[in-house]
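Written below as structure tokens is the structure these notes are about.
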Amino acid sequence: MWPNMNNKLAAITGNLYLARSGIDSRSETAARLQSVETLSFEAASMVQQLLTFARKGKVEQKPLALVPFIKETAKLDSVAIPENIQFSMSYCENSLLITGDITQLQQLFLNLLTNARDALEGVDQARIDLSLQYYEPDSDFIERHPEAENKDAFACMRLSDNGHGIAPEHMEQVFNPFFTTKEVGKGTGLGLAMAYGIVTSHHGVIEVESTPEQGSCFSIYLPLQSNANTVLPIEQQQEVINGDGETILLADDDENVLQTFAKVLTSINYRVLTARDGRAALESYRQHRGEIDLVILDIIMPKLTGPDVARQIREIAPGAKLLFATGYDKESDHHGMTGNIEVLDKPYDLAKVSKSIRRILERESTRKADRR
């Protein structure tokens, strides 16, 4: 169900991009199309929340310095905080090295920040305080959370507000999916449930303290790592990067996604060959091998899957440049592919996709050697 939803969203966002590129960017129509595009990506984000809660999403945990990561994330997410809310941050000197999934931790922080913001509606002198500290568990903490007994130290992130607080009768339900005390249309009840799922998937602990009409404090404890290479967040390229006339073989079994994304790629100066299934993709590659600069394969396709096609293409041309695409597929055997093939998420963020395409195309080419 959810991959199909992401396929539909990919087709919608692709068509919106094409529609906006053909009209005056200052017109009211362009503004409305931009609004629809934003809503489409918000819908995709909700799909990812559901996948994360169901533990079916793609999780890539790597060594991560939490303090600089949260500093950068807070800069981006603080735009969601109205000017009437005072937002303060405090950090320890330790960079707090953990093992984490960057996308999930960004979502965790945003969900908690959004929850705090909503709790402050109508509050005078509204305030949100964020702190990051080193924490060594004591006997009381271990008694509350026996699963933390073998962990020496944690990164502790606390996000507190002086909002309306949580009623005592609701405290045991705040992490339940679809539970919300907000008005209809103002909350899905997934934010805190997802936060709980993310923290649990990181082998951490989440606690909440709250007093009605005085505020709430959410404390997240993530296990610290002592020996690991730090991976810092990288700023994402926001502009669409045009192609240089290269030929891309695009394979997807969803006709709407295939045709729409082919038009989008054409609009940014690529020549595109298309295939509706894995076998057709492989045949097209054999026929046009001398022309094709890059192959983009949907992971799940009939007749031959994306990884199956990739393996056979690599047998023909070991240096072939490949990308996978998916609504989501955690189980797919693409991680073991030679060359560590990158995976594009649907719906496509064209700025990110165009950057990935250029990065792969501009690597030192072995294509000519493969054709000899």
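The values are calculated or read from the model by the stated rules, or taken from the named source; none is laboratory data. Computed from a predicted model, the values in this text were never measured in an experiment. Cβ: placed from backbone, ideal geometry, glycine included. Neighbour counts: every protein chain shown. All accessible areas refer to the heavy atoms of the entire protein, side chains included, with ligands and DNA or RNA removed. Shrake-Rupley method; radii C 1.70, N 1.55, O 1.52, S 1.80 Å.
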**Message:** Pairs needed: first member in the stretch 84-110, over 21 Å from Ser160 (Cα atoms) and without any contact (Cβ under 8 Å) to a residue 60 or more places away in the chain; second member anywhere, of a type in the set (Val, Ile, Thr) and open to solvent by 40 Å² or more (accessible area, probe 1.4 Å); C-beta distance under 9 Å; at least 6 residues apart or different chains.
**Reply:** Thr103/Val59
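Tell me, please, whether a residue that is of a type outside the set (A, V, I, L, M), assigned to a helix (DSSP H, G or I) and at pLDDT below 90 can be found in the stretch 287-309.
Here is the first cut: in the stretch 287-309, the ones of a type outside the set (A, V, I, L, M) are 287-291, 293, 298, 302-303, 305-308.
Among the residues that remain, those that are also assigned to a helix (DSSP H, G or I) are: 287-288, 306-308.
Within this subset, residues satisfying the condition of being at pLDDT below 90 are none.
Checking the stretch 287-309: not a single residue is of a type outside the set (A, V, I, L, M), assigned to a helix (DSSP H, G or I) and at pLDDT below 90.
Only residues that are open to solvent by 50 Å² or more (accessible area, probe 1.4 Å) and either under 11 Å from Ile85 (Cβ atoms) or part of a helix (DSSP H, G or I) (or both): list them for the stretch 95-123, please. Steps first, answer last, please.
So the first thing to find is which residues in the stretch 95-123 are open to solvent by 50 Å² or more (accessible area, probe 1.4 Å), and the list is 95, 102-103, 106, 110, 117, 121-122.
Listed by number, the residues that qualify are Ile102, Thr103, Gln106, Leu110, Arg117, Glu121.
So, of the residues in the stretch 13-47 that are of a type in the set (S, T, N, Q) and either more than 27 Å from Ala193 (Cα to Cα) or modelled with pLDDT of 70 or more (or both), which turns out to be most open to solvent (accessible area, probe 1.4 Å)?
Applying the first criterion (of a type in the set (S, T, N, Q)) to the stretch 13-47 yields 13, 15, 21, 25, 27, 29, 34-35, 38, 40, 45.
With the extra rule that they be either more than 27 Å from Ala193 (Cα to Cα) or modelled with pLDDT of 70 or more (or both), the set shrinks to 13, 15, 21, 25, 27, 29, 34-35.
Details: Thr13: 7, Asn15: 78, Ser21: 77, Ser25: 100, Ser27: 36, Thr29: 79, Gln34: 74, Ser35: 61 Å².
Ranking the qualifying residues of the stretch 13-47, first place goes to Ser25.
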**Asked** Would you say Ala116 is closer than 15 Å to Ile220 by Cβ, in contact (Cβ under 8 Å) with a residue 40 or more places away in the chain and among the aliphatic types (A, V, I, L, M)?
**Response** yes
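Listed here are the residues, each with its yes/no results for (1) in a loop (DSSP other than H, G, I, E, B); (2) at pLDDT below 55; (3) within 18 Å of the chain's Cα centre (by Cα).
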| residue | (1), (2), (3) |
| --- | --- |
| Phe324 | no, no, yes |
| Asp329 | yes, yes, yes |
| Ile341 | yes, no, yes |
| Val353 | no, no, yes |
| Arg359 | no, no, no |
**Residue check for Glu283: open to solvent by less than 80 Å² (accessible area, probe 1.4 Å), at pLDDT 95 or above and among the charged types (D, E, K, R)** = no
**Request:** Among the residues of the stretch 200-219, write down those that are surrounded by fewer than 21 Cβ atoms within 10 Å (Cβ to Cβ) and within 17 Å of the chain's Cα centre (by Cα).
**Result:** Ser201
**Message:** Whether any residue in the stretch 148-169 is out of contact with any helix residue (DSSP H, G or I) (no Cβ under 9 Å at 6 or more places or on another chain) and under 13 Å from Ile206 (Cα atoms) is what I want to check.
**Reply:** yes
**Item:** Number of the condition not met by Leu64 [criteria: (1) modelled with pLDDT of 75 or more; (2) assigned to a helix (DSSP H, G or I)]
**Value:** (2)
**Prompt:** With (1) modelled with pLDDT of 90 or more; (2) within 24 Å of the chain's Cα centre (by Cα); (3) of a type outside the set (S, T, N, Q); (4) open to solvent by 50 Å² or more (accessible area, probe 1.4 Å) as the list, and Leu132 as the residue in question, which single condition is left unmet?
**Reply:** (4)
**Of residues in the stretch 224-251 being modelled with pLDDT under 85 and of a type in the set (A, V, I, L, M, F, W, C), the one farthest from Gly278 (Cα to Cα)** = Ala228
**Message:** Out of everything in the stretch 245-254 that is surrounded by fewer than 23 Cβ atoms within 10 Å (Cβ to Cβ) and under 25 Å from the mean Cα position of the chain (by Cα), what residue ends up being nearest to Ile299 (Cα to Cα)?
**Reply:** Asp253
